[in-house]
Number of protein chains: 2
Amino acid sequence: MKRVTMADVAERAGVSKSTVSQYLNQRYEYMGEETKKKIAEVIDATGYQANTLARSLKQKRTFTIGVIVANILHIFSTQVIRAIEDVCHQQDISVIVCNADDDPKKEEKYITMLRAKQVDGLIVFPTGENKTLYDQMVQERYPLVFVDRLVEGLSVDTFLLDNKAALRLAVDYLVEKQHRYIAIITTSLIRHVTPRVERISGYRIALEQHDLPIHEEYIQGVNVEDISIALAHLLALTPRPTAIIAGNDLTLMEILKSIKRDKKHIPNDFALLGIDDVAYAPLFEPPLTTIAQPAFQIGEAAARCLLEKINSESMNDRRQPGIHRFQPKLVVRASC
Amino acid sequence: MKRVTMADVAERAGVSKSTVSQYLNQRYEYMGEETKKKIAEVIDATGYQANTLARSLKQKRTFTIGVIVANILHIFSTQVIRAIEDVCHQQDISVIVCNADDDPKKEEKYITMLRAKQVDGLIVFPTGENKTLYDQMVQERYPLVFVDRLVEGLSVDTFLLDNKAALRLAVDYLVEKQHRYIAIITTSLIRHVTPRVERISGYRIALEQHDLPIHEEYIQGVNVEDISIALAHLLALTPRPTAIIAGNDLTLMEILKSIKRDKKHIPNDFALLGIDDVAYAPLFEPPLTTIAQPAFQIGEAAARCLLEKINSESMNDRRQPGIHRFQPKLVVRASC
DNA sequence: TAATGCAACTAAATCGGTTTAGTAAGAGGG
DNA sequence: CCCTCTTACTAAACCGATTTAGTTGCATTA
């Protein structure tokens, strides 16, 4: 049950491999009607399917890109992936998605593996810990785009939320709702990861702009498993925070679990504002007010940017790479 | 900035391509220490990375599998994908995921495309509408595994939930809770799709076993957009159902939205039982009782089965393919 | 009538690896 | 001293496409 190759088709049609190749690539310019018909017949009869590997080897294009997300558990990641896939499939480009699990070693492995597979370009949510690797790709002018996280000192197109604006939006809204004691919980800050860092600093700036004091104890960056503890800690402080911002969807989920378990009542016990507009936000009791990231747009823009880079590879019309910030949106429901 | 090839390495190390290849494949049997060292040095200096395409072309293995899901919006799909990826990445196999969007044409396109890419095998959530294609693969003894849906008259290993058991579990529990009027809503039944069909028939059987009459009006198979209407319709019937089963996660989500909008109260207005243990089930008010599918196990088993098929390709130790049913689990919370 | 042009192909190189068959050099045995 | 064996390599075919540089036969044209 061997697969049919182009040589088989050529032989059965009584023409050369070259002619079959021309036919398949619609280069009909000087091709006889007879020949075309004959080849079409043979292809039909044999069910011939071209081997993309061979083509890619010769053409040095695989029509495949790689996506490496830092942590696929974030809703944001899955939404961005969806958008990337949509854009790519429209252009008959395949996508290989890998999850680095926030582990730089895994990230390195995947980058290497995908490049060995000769993918035409890479969209990476960088862990930030493989600068040498990133830099090497930049040097080689390999098509590369970052999402969600900035890597300092590297000239790579990066698509991410305007985190500062997101926290300004959040704090402004909470202040408007008469809150003076606003706390924030987010996942661990041990590594310098853009969204977390920027959201914290955005939080500080926004508070300052409202002339509110910054309680260092109000800023909790802890591991997912410890969020429940961090929340309890916050609620034991004096003055007790009247509003809590969940720095991302995972944090929000943990806080909600605690709330359920401890039978807290939102917004009576405290106001809650989540970053990432999770699907169940309108279903919670009370419906959750959130800051939505335009994940789809970010993914779409990143994909388009990468595909453009890939297609302009030969030409030297490369723009200077930059940082592309997307505006958050406040979705008012009832948790504040 | 041309990529370094094996020939370049060979030249710089003063050996032949063959030797470099042997080195890379750890066939050190008859290799001098000097040579090894020299090659290692050159590889290090040049940052040489093998081109997988070329290798795959010769070896007729890409170390990549394809996964085609019928509809990625189902949580079940994403969980199965995660499990497949986990298993595959452990064995250094890449995964290309495609979403057929419940469209047979798309499914066909993806199957063709992935096979053209020479993926070593395919895990498919079949739409069921491409029997000729499926059959062709079976004939060719191409490594193929189905998930979630049976295709009649085809001998392919299929991994799915024991849907009948799931509905027995659901109905048993509701009856135990004194419900006599149990309705079920699920997404459209126009196409014969295993989970929906089997869940409905499981529902009928379970009711019969409890000597409960089957109200045809209690069975609603409608499009996602019409679920809200179907729910209203059910609640207007006499006798009014006291319990409603949501046939899958998408249905459940729509029902919950309606409940919120119409300010219904669960379980006072009616009991609600969802199939698929969605992440927010414990967070809803009241926490939702669900039937959980062992999605992770299903994905894992499917992946292992496929990899086994791939590895036993040459040998003729292929077992007879079969249907692998996985047992559901009732997760009792407070919505019934 | 020889040269030119054009349509309709084909031969062979190429992509970058793997793999098979083979070779050269030195050791050991008779 | 010749033969065989082993070690340490290499040449070349091969995988299945694309692509470039021809080639062939026939109709024009000077």
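The values are calculated or read from the model by the stated rules, or taken from the named source; none is laboratory data. Being a predicted model, the structure only gives us computed values, none of them experimental. Here Cβ is always computed from backbone atoms with ideal geometry, including for glycine, and neighbour counts include all displayed protein chains.
Can you tell me which residues in the range A:51-84 are more than 9 Å from chain B (Cβ to nearest Cβ), within 16 Å of DNA strand D (Cβ to nearest atom) and either buried (at least 22 other Cβ atoms within 10 Å of the Cβ) or polar (S, T, N, Q) (or both)?
Residue satisfying the conditions is A:GLN59 alone.
If you take the residues of the range B:89-102 that are in contact with a Ser or Thr (Cβ under 7 Å, 6 or more places away or on another chain) and over 15 Å from A:SER94 (Cβ atoms), which of them is modelled with the highest pLDDT?
B:ILE93
Among the residues of the range A:288-304, is any within 12 Å of another protein chain (Cβ to nearest Cβ) and touching a strand residue (DSSP E or B) at 6+ places or on another chain (Cβ under 7 Å)? Please lay out each step first, then the result.
Start the filter on the range A:288-304 by keeping residues that are within 12 Å of another protein chain (Cβ to nearest Cβ), which leaves A:288.
Checking the rest, the ones that are also touching a strand residue (DSSP E or B) at 6+ places or on another chain (Cβ under 7 Å) come to A:288.
For the range A:288-304, residues within 12 Å of another protein chain (Cβ to nearest Cβ) and touching a strand residue (DSSP E or B) at 6+ places or on another chain (Cβ under 7 Å): present.
What number of residues within the range A:45-62 satisfy the criterion of being under 27 Å from the mean Cα position of the chain (by Cα) and over 9 Å from B:LYS117 (Cβ atoms)? Talk me through it step by step, then tell me what you get.
Our first condition is that a residue be under 27 Å from the mean Cα position of the chain (by Cα); within the range A:45-62, this holds for A:56, A:60-62.
Those left that are additionally over 9 Å from B:LYS117 (Cβ atoms): A:60-61.
The total comes to 2.
Pull out all pairs, ordered by first then second residue, where Cβ-Cβ is under 7 Å, the residues are six or more apart or on different chains, the first lies in the range A:278-292 and is farther than 19 Å from B:ASP262 by Cβ, and the second is among the polar types (S, T, N, Q).
Filtered contacts from the range A:278-292: A:LEU288/A:SER335; A:THR289/A:SER335.
One residue is enough: does the range A:324-334 have a residue meeting the conditions in contact with a Phe, Trp or Tyr (Cβ under 9 Å, 6 or more places away or on another chain) and free of Cβ contacts under 8 Å to residues at least 40 places away in the same chain?
Checked against the condition, which is being in contact with a Phe, Trp or Tyr (Cβ under 9 Å, 6 or more places away or on another chain) and free of Cβ contacts under 8 Å to residues at least 40 places away in the same chain, the range A:324-334 yields no hits at all.
Return yes or no: is B:PRO321 out of contact with any His (no Cβ under 7 Å at 6 or more places or on another chain) and within 21 Å of A:ARG261 (Cα to Cα)? Even if it seems obvious, please write down each step before you answer.
Details: out of contact with any His (no Cβ under 7 Å at 6 or more places or on another chain): yes; within 21 Å of A:ARG261 (Cα to Cα): no.
So B:PRO321 fails the test.
Out of the range B:1-42, which residues are under 25 Å from A:ARG141 (Cα atoms), hydrophobic (A, V, I, L, M, F, W, C) and outside any loop (DSSP other than H, G, I, E, B)?
Across the range B:1-42, the qualifying residues are B:MET6, B:ALA7, B:VAL9, B:VAL42.
Evaluate the following for B:VAL145: is it touching a Cys at 6+ places or on another chain (Cβ under 6 Å) and buried (at least 18 other Cβ atoms within 10 Å of the Cβ)?
Judged against the criteria, B:VAL145 is a match.
Name every residue in the range B:27-42 that is surrounded by 12 or more Cβ atoms within 10 Å (Cβ to Cβ) and not hydrophobic (A, V, I, L, M, F, W, C), in order of residue number. I'd like the intermediate steps shown before the answer.
Start the filter on the range B:27-42 by keeping residues that are surrounded by 12 or more Cβ atoms within 10 Å (Cβ to Cβ), which leaves B:28, B:31, B:35-36, B:38-42.
Listed by number, the residues that qualify are B:TYR28, B:THR35, B:LYS36, B:LYS38, B:GLU41.
Please go through the range A:218-247 and pick out each residue that is exposed (fewer than 13 other Cβ atoms within 10 Å of the Cβ) and not small (Gly, Ala, Ser). Step through it out loud before you land on a result.
Looking only at the range A:218-247, we keep the residues that are exposed (fewer than 13 other Cβ atoms within 10 Å of the Cβ), and these are A:223, A:225, A:232, A:236, A:238-240.
Hits for the range A:218-247 are A:ASN223, A:GLU225, A:THR238, A:PRO239, A:ARG240.
What is the number of the single condition among (1) under 30 Å from B:LEU114 (Cα atoms); (2) outside the structural domain of B:ILE123 (by TED's automatic domain parsing); (3) more than 8 Å from DNA strand C (Cβ to nearest atom) that B:LEU24 does not meet?
(3)
Picking from B:ILE244, B:ILE275, B:ILE255, which residue would you name as being modelled with pLDDT of 95 or more and in contact with a Phe, Trp or Tyr (Cβ under 9 Å, 6 or more places away or on another chain)? Show your work before the answer.
Values: B:ILE275 fails: in contact with a Phe, Trp or Tyr (Cβ under 9 Å, 6 or more places away or on another chain); B:ILE255 fails: in contact with a Phe, Trp or Tyr (Cβ under 9 Å, 6 or more places away or on another chain).
The match here is B:ILE244.
Condition test on A:VAL42, is it within 16 Å of DNA strand D (Cβ to nearest atom), more than 9 Å from chain B (Cβ to nearest Cβ) and either more than 28 Å from B:ASP101 (Cβ to Cβ) or more than 12 Å from the chain's Cα centre (by Cα) (or both)?
Here the answer is yes, as A:VAL42 does meet what is asked.
Can you pull out every residue in the range A:6-26 that is surrounded by fewer than 17 Cβ atoms within 10 Å (Cβ to Cβ) and of a type in the set (A, V, I, L, M)?
The initial filter retains those residues of the range A:6-26 that are surrounded by fewer than 17 Cβ atoms within 10 Å (Cβ to Cβ), namely A:7-8, A:11, A:14, A:16-18, A:21, A:24-26.
Of everything in the range A:6-26, those that are surrounded by fewer than 17 Cβ atoms within 10 Å (Cβ to Cβ) and of a type in the set (A, V, I, L, M) turn out to be A:ALA7, A:LEU24.
Could you please give the count of residues in the range A:20-55 that are modelled with pLDDT of 95 or more, touching a Ser or Thr at 6+ places or on another chain (Cβ under 7 Å) and hydroxyl-bearing (Ser, Thr, Tyr)?
0
Is there any pair linking a residue in the range B:48-72 that is closer than 14 Å to B:ILE84 by Cα to one that is outside any strand (DSSP E or B) and small (Gly, Ala, Ser), with Cβ under 7 Å and at least six apart or on different chains, and which?
Listed pairs, sorted by first residue: B:ILE68/B:ALA100; B:VAL69/B:SER77; B:VAL69/B:ALA100.
Just wondering, is there one or more residues in the range A:294-312 that are over 20 Å from A:SER228 (Cα atoms), assigned to a loop (DSSP other than H, G, I, E, B), in the same structural domain as A:VAL119 (by TED's automatic domain parsing) and among the hydrophobic types (A, V, I, L, M, F, W, C)?
Within the range A:294-312, none of the residues are over 20 Å from A:SER228 (Cα atoms), assigned to a loop (DSSP other than H, G, I, E, B), in the same structural domain as A:VAL119 (by TED's automatic domain parsing) and among the hydrophobic types (A, V, I, L, M, F, W, C).
Only residues that are assigned to a loop (DSSP other than H, G, I, E, B) and either facing chain B (nearest Cβ under 8 Å) or closer than 21 Å to B:ASP86 by Cβ (or both): list them for the range A:93-142, please.
Restricting attention to the range A:93-142, the residues satisfying the condition of being assigned to a loop (DSSP other than H, G, I, E, B) are A:93, A:100-103, A:117-120, A:125-130, A:140-142.
Result: A:ALA100, A:ASP101, A:ASP102, A:ASP103, A:LYS117, A:GLN118, A:PHE125, A:THR127, A:GLU140, A:ARG141.
Would the range A:246-267 turn up any residue that is closer than 26 Å to A:LEU161 by Cα, polar (S, T, N, Q) and in the same structural domain as A:LEU169 (by TED's automatic domain parsing)?
Of the range A:246-267, the ones closer than 26 Å to A:LEU161 by Cα are A:246-256.
In the following step, the residues that additionally are polar (S, T, N, Q) were identified as A:248, A:251.
Now drop any that are not in the same structural domain as A:LEU169 (by TED's automatic domain parsing), which leaves A:248, A:251.
For the range A:246-267, residues closer than 26 Å to A:LEU161 by Cα, polar (S, T, N, Q) and in the same structural domain as A:LEU169 (by TED's automatic domain parsing): present.
Given the conditions (1) surrounded by 14 or more Cβ atoms within 10 Å (Cβ to Cβ); (2) away from chain A (no Cβ under 14 Å), and given that B:GLN320 satisfies all but one, which numbered condition is not satisfied?
For B:GLN320, the exception is condition (1).
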